[in-house]
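The values are calculated or read from the model by the stated rules, or taken from the named source; none is laboratory data. Since this is a predicted model, take the numbers as computed values, not measurements. Note: ideal-geometry Cβ built from the backbone for every residue, glycine included; neighbour counts use all protein chains shown. Just the protein is used for accessible areas: all its heavy atoms, side chains included, with ligands, DNA and RNA removed. Shrake-Rupley method; radii C 1.70, N 1.55, O 1.52, S 1.80 Å.
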Amino acid sequence: MDWQALLAQLRGWAAELGFSQIGVSGIELGNAEAGLLEWLDAGFHGSMAYMQAHGVKRARPAELVPGTLSVITARMDYLPRETPAGWQAIEWQRLEDPARAQVSVYARGRDYHKVLRTRLQRLADKLAEAIGPFGHRVFTDSAPVLEVELATRSGIGWRGKHTLALHREGGSMFFLGEIFVDLALPSTEAVSAHCGQCTACIDVCPTQAIVAPHRVDARRCISYLTIEHDGEIPVELRPAIGNRVYGCDDCQLACPWNKFAQPARLADFDARPELEEGDLLRFWQWDEAEFLRRLEGSAMRRIGLRRWRRNLAVVSGNALRRRADPALLRVLHEALNEALNDADPLVAEHIEWAIAQAPSISG
Ligand code: SF4
Ligand code: SF4
């Protein structure tokens, strides 16, 4: 097998499927194991018990999928195709608007899990057509896999101080996917890191979740708190959440390399207008059925109405505290009081906190 020719072919198929980069990593992730254990020991994974459950298996691909000899890594850019130049400035401005509930850029389109998995599988099928059947399994954003580690080892990028992979020609606005294969493929070369003395992501983080370069305390991270975390959002962190209702992009918005972020090749990641618009009051109008209907095919559906309303309450409390537009505040106050009627204890506590941010506004 002429591997270089095959790799070129693989890259061609990958490009047709919407991927912008392909690499190959070995499975010896020994160094990463110690870092992973330290992170877990420090409790930085918060309530993500599944992170701990998989333990060191995560750093040992051959234990996760027996027979694995190499991992094909893939990058898929997700900035919506119509993203204008200078999009970061628009996003920063949106974060200042108390009438908005801001959804992270990656979540405004179709659920990426399905898009990536299907296309990784097609890529594996193409390879099988060319070389014959082989054992494999595809992953994307999967807890047991050390995705960034595999990506950085195979040259998809380097690990930024915010812990995400980033690339000089692609920034960090991309998803990662992997195909674990039982083929011994030569690894592609890692790229050198270019964070230098920059600390923009660390400095900008609203909750100081990046506790040291390359180390995020998930318990403080807004992405984790609004998406993964199922319980109460710590009261002391609520003000810093601002209007971020689902995820947080700040460390990526601040990263100078994201001026090179590429738009998606696929229409799947085009933003749904109402998720981009982020109308806080309209979001409060969604009941269970509406929540499920509006978020059909979106990754956001996974958090369920309860976490969604918990997050809306935090965003609303922050809007009330800012006392920006009196008309907005009055309607928001009404929406909160109405939502309180059928709220379960968790959501009720967050709504009561929100109302207490501006108790003088009458409903
Ligand atoms: S996603 Fe937001 S909260 Fe989390 S580390 Fe980045 S800037 Fe901080
Ligand atoms: S903001 Fe600066 S330190 Fe953070 S990932 Fe980007 S280049 Fe690296």
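Some notes on this structure:
- Charge dipole of the chain about the Cα centre (unit charges at C-beta), most positive-ward option of Ala8, Ala267, Asn337: Ala8
- Within straight-line cross-link reach of Lys259, lysines at Cα separation under 22 Å, skipping those fewer than 8 residues along the same chain: Lys161
- Computed about the Cα centre, the dipole magnitude for the stretch 215-263 is approximately 200 debye when only Lys and Arg (+1) and Asp and Glu (-1) carry charge, each at its Cβ.
- Rolling a 1.4 angstrom probe over the protein heavy atoms with all chains in place gives the stretch 259-363 an accessible area of 48 Å² per residue.
- Placing +1 on the Cβ of every Lys and Arg and -1 on the Cβ of every Asp and Glu, with no other charges, gives the chain a dipole of roughly 300 debye about its Cα centre.
- Take the Cβ atoms of Ser192 and Asn31, set R0 to 25 Å, and the FRET efficiency comes out at 0.90.
- Percent accessible area from carbon and sulfur atoms, the stretch 226-362, protein chains only, probe 1.4 Å: 50
- The protection proxy used here, the mean number of other Cβ atoms lying within 10 Å of each residue, ranks peptides 35-43, 213-221, 197-205 as follows, highest first: 213-221, 197-205, 35-43.
- Among the protein heavy atoms of the stretch 1-130, carbon and sulfur supply 52% of the accessible surface, probe 1.4 Å, non-protein parts ignored.
- Here the stretch 252-363 is treated as a Stokes sphere of Kirkwood radius computed over C-alpha pairs; at 20 °C and 1.002 mPa s its diffusion coefficient rounds to 136 µm²/s.
- Charge dipole of the stretch 103-164 about the Cα centre (unit charges at C-beta), most positive-ward option of Thr152, Gly132, Tyr106: Tyr106
- By the Cβ distance rule (another cysteine Cβ under 4.7 Å), the unpaired cysteines of the chain are Cys195, Cys198, Cys205, Cys221, Cys248, Cys255.
- Cross-link reach list, aspartates and glutamates versus Lys114, counting only Cα pairs under 18 Å and skipping chain neighbours closer than eight places: Glu16, Asp77, Asp125, Asp141, Glu147, Glu178, Asp268, Asp270, Glu296
- For the chain, convex hull of alpha carbons as volume per residue, Å³: 134
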